[in-house]
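Remarks on the structure that follows.
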Amino acid sequence: MRPAKLIFAPARGIIFPCPEGSGQETMKRLIVNADDFGWSEAVTCGIIQGRREGILTSTTLMANLPGSEAALERARREAPDLAIGLHLVLTEGRPLAGRDAAWLTDPAGEFIRSLPALSRLVRTSTDAQEAVEAEWDAQVRWALERGLRPTHLDSHKHVHLMPVLLPIAVELALRYDIPAIRTTAEIKLAGLARLLPREWTWQDRLRQRLLAWMGRRWGRHAQQRVREAGLATTDWFFGVRATGGISPDVLLQLLRHAPEGTGELMVHPGLAETQPGRPTRLARSRPLELAALCDGRIREATREMGWTLVNFKDLHHE
């Protein structure tokens, strides 16, 4: 078992000293991770643009989707310094494990898209839990067979943080020497409500509040379990409550008020879809998030406020 104590090595980061006499050093390091790599050509291209022109440092690949192989090839050609992890999937597309994942699929062989239905299934069926392990194992092996060494694991709709599924994700990370796992210990950002899109209804705002509350609850539990297993994770996280609403103003507020240490900002950028794709409420917001990440004011503010942009490879064990 790896040592459970976690430190953050300054190999690529800037160290900011504490006030004299504190005897400690502080860091302000930020991972900017784009979910859904391989979702579509427009999303893949947007993520690569976010790395080349903006503050994006990391992404996570949906290995079971048809666009995943093309996404990997494009990243190697156009953004070889883009850190890539795995976005474990249980509610989108078709499984890679075939019949071993049949407990998780509908009659057409597609994953059951309903998150509540998945939650009920895995909480009540050991067969479904075994299917999850087989499917996630297949997704990791798919990446390894194509030469990708994932920097970390996270998941579509954060399903790896379900208490019944977290042990599976931890075991996979240990089995395949994947050093880090996302945990959604989401910070509460002052003044965020007034910065979210004006077109959001009260139902939209309530939904995101509830999701952030659940993410925070699961994330704090997962943070402890991940570190006890000797794996790396961040000190804090932001992005659930503002999913679909990341703007320059939100980014500036985060840069001003986020705590020290190493944090993750979750984003969902992409180009505008030119043809109908997979149904998602993020279709309209992806280009807006990409524009925010590539905004020159944000890059300048990141430097001026002392943030160092890093990725999950910069998290180290003692």
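The values are calculated or read from the model by the stated rules, or taken from the named source; none is laboratory data. Bear in mind that the values here come from a model prediction, so they are computed numbers and not experimental data. Cβ placement follows ideal geometry from the backbone for every residue including glycine, while neighbour counts extend to all protein chains displayed.
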State whether one or more residues within the range 174-195 are in contact with a helix residue (DSSP H, G or I) (Cβ under 8 Å, 6 or more places away or on another chain), over 23 Å from residue 58 (Cα atoms) and in a helix (DSSP H, G or I).
yes
Residues in the range 150-207 that are surrounded by fewer than 21 Cβ atoms within 10 Å (Cβ to Cβ), more than 27 Å from residue 278 (Cα to Cα) and acidic (Asp, Glu) total 2
Out of 301, 229, sole residue that is out of contact with any Asp or Glu (no Cβ under 8 Å at 6 or more places or on another chain), under 25 Å from residue 48 (Cα atoms) and at pLDDT 95 or above:
301
Picking from 251, 265, 255, 210, which residue would you name as being out of contact with any His (no Cβ under 7 Å at 6 or more places or on another chain), assigned to a helix (DSSP H, G or I) and either surrounded by 20 or more Cβ atoms within 10 Å (Cβ to Cβ) or of a type in the set (Asp, Glu) (or both)?
251
Contact list, first residue from the range 59-80 and at pLDDT 95 or above and surrounded by fewer than 20 Cβ atoms within 10 Å (Cβ to Cβ), second anywhere and among the hydroxyl-bearing types (Ser, Thr, Tyr) and part of a helix (DSSP H, G or I), beta-carbon distance below 9 Å, six or more apart or interchain, is 70/44; 74/44
Scanning the range 268-318 for residues that are within 17 Å of the chain's Cα centre (by Cα), part of a helix (DSSP H, G or I) and of a type in the set (A, V, I, L, M), the one surrounded by the most Cβ atoms within 10 Å (Cβ to Cβ) turns out to be 290
Does at least one position in the range 28-40 carry a residue that is among the polar types (S, T, N, Q), part of a strand (DSSP E or B), under 19 Å from the mean Cα position of the chain (by Cα) and at pLDDT 95 or above?
yes
Only one residue in 306, 277 is at positive phi and in contact (Cβ under 8 Å) with a residue 12 or more places away in the chain, so which one is that?
306
Would you pick out the residues in the range 274-305 that are charged (D, E, K, R) and within 20 Å of residue 60 (Cβ to Cβ)?
278, 281, 286, 289
Take the conditions within 21 Å of residue 300 (Cα to Cα), of a type in the set (A, V, I, L, M, F, W, C) and buried (at least 23 other Cβ atoms within 10 Å of the Cβ) and apply them to residue 47. Does it pass?
yes
Given the residues 35, 100, 137, 106, which is the only one that is within 20 Å of residue 267 (Cβ to Cβ) and of a type in the set (Asp, Glu)?
35
Let me spell it out: the conditions are (1) in contact with a helix residue (DSSP H, G or I) (Cβ under 7 Å, 6 or more places away or on another chain); (2) surrounded by fewer than 19 Cβ atoms within 10 Å (Cβ to Cβ), and residue 136 meets all of them except one. Which number is the exception?
(2)
